[in-house]
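Read-outs: derived from the displayed coordinates by stated rules, not from any lab. The structure displayed is predicted, hence computed values, not measured ones. Cβ coordinates were reconstructed from backbone atoms using ideal geometry, including for glycine residues, and neighbour counts include every protein chain displayed.
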Amino acid sequence: MLTQPTEKDDNLVQWIRNGIAVRVFGSDVDASQSVASEIAALIRQRAAEGESCVLGLATGSTPVRVYRELIRIHREENLSMKHVVTFNLDEYFPMQPDAAQSYVRFMNEQLFDHVDIPRSSIHIPDGTIGRDGVDEYCQQYEDAINVAGGIDLQLLGIGRTGHVGFNEPGSEVDSATRLVELCDITRSDAANDFGGLDNTPELAITMGVGTILRSRRIRLLAFGQHKSAIVARSVQGEITDSVPATYLQGHDDVQFALDSAAASTLDPK
Ligand code: GLP
């Protein structure tokens with residue numbers, strides 16, 4: 001286990017543990033601004049190289065401030081996102097795109113309606129696919145990521161089960177985009193959005209762990225005390241399929257951007 005304090009100032013403590021660069025910010029706003037700045041710089045760098053920038057995007061409450069900051073940079077600092085290509089991690093199944101809980105709707109409201117990413121460059125797993133066509137659809141989603149050149153930077157949140165995307169405990173390290181069953185904990189965390197557990201989907205389409213690990217950079221965000229136990233387990237625990245986020249320890253450019261509450265169970269030694 002490698003532990004190296006690498007940077008410290010009033011707002012940021014950073015160390016590396018099990019290959020994960022852990023960055024603890026003064027607030028969720030600071031963490032989100034830092035990640036958004038990195039994304040903006042990457043978009044500009046890829047544009048200067050004449051290349052598109054391929055982003056893997058996440059839903060949930062955690063990345064919302066990153067999206068807000070990207071919109072601000074787009075408007076106030078002239079960040080063009082015309083050459084950005086996006087792939088979202090997951091979607092409930094079945095799910096209509098205009099439903100209140102749809103990740104299509106979420107992404108439109110939180111980001112896509114406010115920036116200039118071409119609609120044809122946006123990919124979100126389709127929750128309207130018929131059950132018979134799902135496997136083929138998931139293979140096409142993987143193919144589309146490969147055709148785009150692979151994901152330059154994947155944004156992640158983390159669920160209380162240690163899921164990334166909807167890769168629940170039991171997911172394999174080389175898993176691909178597929179239809180999955182959601183855990184009870186995940187469904188009960190989502191139940192409020194659906195007006196009760198009975199209305200909460202049992203299935204979802206998610207990029208696989210293998211899909212995520214092929215991204216060139218991975219930036220996981222976690223905020224709040226309720227994430228601290230699973231963050232500590234993901235960073236300090238043994239790599240195991242019972243906590244899929246531990247698989248991130250095997251990636252060579254992964255950072256966890258945390259607020260102090262989410263970092264409070266970590267042992268910074
Ligand atoms: C859902 C999403 C995940 C997200 C998680 C945490 O399960 N599919 O991608 O990371 O929720 O959500 P939140 O950020 O609201 O805590």
Next item on the list: Please sort through the DSSP H helices of the chain and keep those with an alpha-carbon extent of at least 24 Å along the long axis and a Kyte-Doolittle average not below 0.0.
Entry: 28-48
Next item on the list: Using per-residue counts of other Cβ atoms within 10 Å, averaged over each peptide, order 155-167, 76-88, 58-70 from highest down.
Entry: 155-167, 58-70, 76-88
Check: So if we plug the beta-carbon distance of residue 140 and residue 253 into 1/(1 + (r/R0)^6) with R0 = 22 Å, what FRET efficiency do we get, rounded to 0.05?
Finding: 0.20
Note to self: How much length would be gained if the chain were fully extended between residue 193 and residue 29, taking 0.36 nm per residue of separation minus their Cα-Cα distance, in nm to one decimal?
What the structure shows: 56.6 nm
Notebook entry, point to check: Sorted by mean Cβ packing within 10 Å, highest first, what order do the peptides 186-193, 242-249 take?
Noted result: 242-249, 186-193
Item checked: Zone residues, the range 45-59, relative to residue 78, backbone N less than 18 Å from point 7 Å out along Cα-to-Cβ -> 45-50
Note to self: List the GluC sites (Glu not before Pro) within the range 141-204 that DSSP assigns to loop and that have no more than 16 neighbouring Cβ atoms inside 10 Å.
What the structure shows: 172, 202
Check: What residues of the range 66-102 lie in the reach of a label at residue 44, counting those whose backbone N is under 15 Å from a point 7 Å from the Cα along Cα→Cβ?
Finding: 70-82
Checklist line | Tensor-based shape of the range 7-259 (alpha-carbon gyration tensor, a/c under 1.5 rounded, otherwise prolate or oblate) | finding: rounded
Note to self: Cut-off 12 Å, label point 7 angstrom out along Cα-to-Cβ of residue 99: give me the residues of the range 130-158 whose amide nitrogen falls inside.
What the structure shows: none
Next item on the list: Compute the Cα gyration tensor for the range 28-150, then decide on rounded, prolate or oblate, letting a ≥ b ≥ c be the square roots of its eigenvalues: rounded whenever a/c is under 1.5, prolate when a/b is larger than b/c in the other cases, and oblate in all that remain.
Entry: oblate
Item checked: Using alpha carbons only: equivalent-ellipsoid semi-axes of the range 97-199, gyration tensor based, whole Å -> 23, 19, 15
Margin query: Taking a ≥ b ≥ c as the square roots of the Cα gyration tensor eigenvalues, with a/c under 1.5 meaning rounded and otherwise prolate when a/b beats b/c, else oblate, which class fits the range 197-269?
Written below: oblate
